[in-house]
Amino acid sequence: ETGVTQTPRHLVMGMTNKKSLKCEQHLGHNAMYWYKQSAKKPLELMFVYSLEERVENNSVPSRFSPECPNSSHLFLHLHTLQPEDSALYLCASSQAGGFTDIQYFGAGTRLSVL
Amino acid sequence: DQQVKQNSPSLSVQEGRISILNCDYTNSMFDYFLWYKKYPAEGPTFLISISSIKDKNEDGRFTVFLNKSAKHLSLHIVPSQPGDSAVYFCAAPASGSARQLTFGSGTQLTVLP
């Protein structure tokens, strides 16, 4: 098992669909993150969960809804998305409160909204 | 307003030569910096880091230099190899219990054989 696993790897959805992205980490970390990467832009932090509580929501539209049922799993629920939401969605985990700030990333979900 | 900036979107280097990737930051409170490498269709992978109490950290072919007075850091890769071709991101953590990383926009490095 790789450290951080994301499913699905690719997703195509219509603007009226509801779908969910899943992330699972096998590193024993206590913090998980969702990032969005659009073409030629920096990674944008969307949500942070530390010890299973959301500690950050960077002005993300409500059509994105995160869920963190335990320290190993993170979901991003999607509904009524817009074409501009098409991007690579990356999940990461880290050990919050540790000496370093190294985040470990999954391979991402490439989302296309039609 | 980007606190971490990579002003060169791309860099091409001949195999065996040195690659130098640059990063500037504006927040003098940053105390730790990281470099990540990203291949297409993969997530970023951690490469090397440096604490603000140091001015250099070396790991094999990779060396990161930090110039705090200039708020500048650089990643040196020597010798460069074709497998090093990837997008390189610098990042720095904000304060807080789960220290969020602020990333630069990345530099695409191409190492030519």
request  = Go through (1) closer than 24 Å to A:SER93 by Cβ; (2) within 12 Å of chain A (Cβ to nearest Cβ) and name the single condition B:SER10 misses.
outcome  = (1)
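What number of residues in the range A:1-37 are among the charged types (D, E, K, R), over 13 Å from A:HIS73 (Cβ atoms) and crowded, with 18+ Cβ neighbours inside 10 Å?
1
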task = Those residues that are outside any loop (DSSP other than H, G, I, E, B), crowded, with 22+ Cβ neighbours inside 10 Å and either touching a helix residue (DSSP H, G or I) at 6+ places or on another chain (Cβ under 9 Å) or within 14 Å of chain B (Cβ to nearest Cβ) (or both), I need them from the range A:72-108; list them, please.
result = A:LEU74, A:TYR89, A:LEU90, A:CYS91, A:ALA92, A:SER93, A:SER94, A:PHE105
note = Exactly one of A:GLU67, A:GLU56 is without any contact (Cβ under 8 Å) to a residue 24 or more places away in the chain, part of a strand (DSSP E or B) and surrounded by fewer than 16 Cβ atoms within 10 Å (Cβ to Cβ), and that one is A:GLU67
message = Are there strands (runs of 3 or more DSSP E) fully within the range B:1-84 with at least 2 residues that are free of Cβ contacts under 8 Å to residues at least 12 places away in the same chain? List them.
response = B:56-59
ask   = Which one of these does B:SER28 not meet: (1) at the interface with chain A (Cβ under 10 Å from one of its Cβ atoms); (2) at pLDDT below 95?
value = (1)
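For the subset of the range A:2-29 comprising residues that are at pLDDT 90 or above and assigned to a loop (DSSP other than H, G, I, E, B), which member is farthest from B:LYS38 (Cα to Cα)?
So, considering only residues that are at pLDDT 90 or above and assigned to a loop (DSSP other than H, G, I, E, B), the one farthest from B:LYS38 (Cα to Cα) is A:GLY28.
The values are calculated or read from the model by the stated rules, or taken from the named source; none is laboratory data. Quick caveat: nothing in here was measured; it's all calculated off a predicted structure. So basically every Cβ, Gly included, is an ideal-geometry build from the backbone, and we count neighbours across all protein chains shown.
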